[in-house]
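Let me begin by presenting the structure, written as structure tokens, before commenting on it.
The values are calculated or read from the model by the stated rules, or taken from the named source; none is laboratory data. The shown structure was predicted, so the numbers you read here are calculated from the model rather than taken from an experiment. FYI the Cβ positions are ideal-geometry reconstructions off the backbone, even for glycines, and counts take in every protein chain you see.
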Amino acid sequence: MVLNEPLISPQSIDGLTAEQVASFSKNGFLHIKNFVSRDTVRLFIQALQRIEANWIAEKVDKINGTPIKYGRDEHGQLIVQRFAFASLFSPVLSTFLQSPELQALTTLLRPYEGRISEEEKDGLVVNHYVRTPESNFSRMGWHTDSPRDLFLGHRIRPMLNVGLHLDDCPQSNGGLRVLPGTHRQNTLMTLFRKRQFIDHRPDRREVGFDIEAGDLTIHNGSLWHRVEQSPKLGAESRRRVMYIPIITGDYQPKHAASKTPFYHVLGAKILK
């Protein structure tokens, strides 16, 4: 597995350029093109397909207390729509999370000390969006990632949401939308600027992305964002994204006996 080199330059700061750091501080997000090669993307997809086959065969419903979401693809075949802790089931994915290029992104959380949480929260999450006439999980309303800390009983902690995209997805085909600068708002606005997960309405200030497989998007956990539904059906609507959360705070690993966090129970009701 070989990563490409857009993060590395003679003027870089821990792998990120001064311009990237300044842009992230101002806007709360970055889009890094060709973070991994298409060959590496195919390697990751193969690893996920092996995990998916095993989980379906074994009827896995939770990993470390986190529910696994299932759905149907364009052929009516059962698929995993939301993986959790995926890297714990694949040496290839686990090795990727330990790569220096990913570790360098913790710079964006300074002065806090960030880490890639392979065994915390929901670990390496992979979402598989595909729109069919029967699908009910092909988009996601406006939200921030901060409220889950409150549900866990502690204050909001700085974090990054890092997405490695496994499919091409131009803006015209839906995908990620963000509201620049909203990571610098107060706590009240972080929680209540919009109706979390329920509000799907476009915002005139939102920014979308022309994504290619292998691209990386990074956003601050307090940044308002949503996932726009694809206007297409079937294979053309497919979006697979690996989410690498970089978090701060006390180390709190999950295990087989971990309870299901309340925000998953609430989220299932909202997104139903």
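When the stretch 113-139 is examined, which residues are found to be in a loop (DSSP other than H, G, I, E, B) and within 17 Å of Gln252 (Cβ to Cβ)?
Here is the first cut: in the stretch 113-139, the ones in a loop (DSSP other than H, G, I, E, B) are 113-114, 117-124, 130-139.
Those that are in a loop (DSSP other than H, G, I, E, B) and within 17 Å of Gln252 (Cβ to Cβ): Glu113, Gly114, Ser117, Glu118, Glu119, Glu120, Lys121, Asp122, Gly123, Leu124.
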(request) Please identify the pairs in which a residue from the stretch 203-216 that is on the phi < 0 side of the Ramachandran plot has its Cβ atom under 7 Å from the Cβ atom of a residue that is assigned to a loop (DSSP other than H, G, I, E, B) and among the acidic types (Asp, Glu), counting only partners at least 6 apart or on another chain. (result) Ile211/Asp168; Glu212/Asp168; Ala213/Asp167; Ala213/Asp168
(message) Just to be sure I understand, how many residues within the stretch 30-82 are of a type in the set (S, T, N, Q), surrounded by fewer than 17 Cβ atoms within 10 Å (Cβ to Cβ) and in contact with a Gly (Cβ under 7 Å, 6 or more places away or on another chain)?
(response) 2
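Yes or no, residue by residue, for (1) surrounded by 13 or more Cβ atoms within 10 Å (Cβ to Cβ); (2) hydroxyl-bearing (Ser, Thr, Tyr); (3) modelled with pLDDT under 95; (4) not in a helix (DSSP H, G or I):
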| position | (1), (2), (3), (4) |
| --- | --- |
| Ile218 | yes, no, no, yes |
| Met242 | yes, no, no, yes |
| Tyr251 | no, yes, yes, yes |
| Ala256 | no, no, yes, yes |
| Thr260 | yes, yes, yes, yes |
| Leu266 | yes, no, yes, no |
(request) Could you tell me which numbered condition Ala86 fails, if it satisfies all but one of (1) more than 14 Å from the chain's Cα centre (by Cα); (2) buried (at least 19 other Cβ atoms within 10 Å of the Cβ)? (result) (1)
(request) Say whether the condition of being aromatic (Phe, Trp, Tyr), buried (at least 18 other Cβ atoms within 10 Å of the Cβ) and in contact (Cβ under 8 Å) with a residue 40 or more places away in the chain is met by at least one residue in the stretch 103-119. (result) no
(request) Mind listing whichever residues of the stretch 199-208 are part of a loop (DSSP other than H, G, I, E, B) and either surrounded by 19 or more Cβ atoms within 10 Å (Cβ to Cβ) or touching a Lys or Arg at 6+ places or on another chain (Cβ under 7 Å) (or both)? (result) His200, Glu206
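Could you say whether any residue in the stretch 141-163 is modelled with pLDDT of 90 or more and over 21 Å from Val207 (Cβ atoms)?
Yes; the residues of the stretch 141-163 include at least one that is modelled with pLDDT of 90 or more and over 21 Å from Val207 (Cβ atoms).
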(message) Can you tell me which condition His154 does not meet? The list is (1) part of a helix (DSSP H, G or I); (2) surrounded by fewer than 17 Cβ atoms within 10 Å (Cβ to Cβ), and all the others hold.
(response) (1)
(request) Among the residues of the stretch 168-198, write down those that are within 16 Å of Gly221 (Cβ to Cβ), in a loop (DSSP other than H, G, I, E, B) and touching a residue at least 24 places away in the same chain (Cβ under 8 Å). (result) Leu179, Pro180, Gly181, Gln185, Arg193, Lys194, Gln196, Phe197
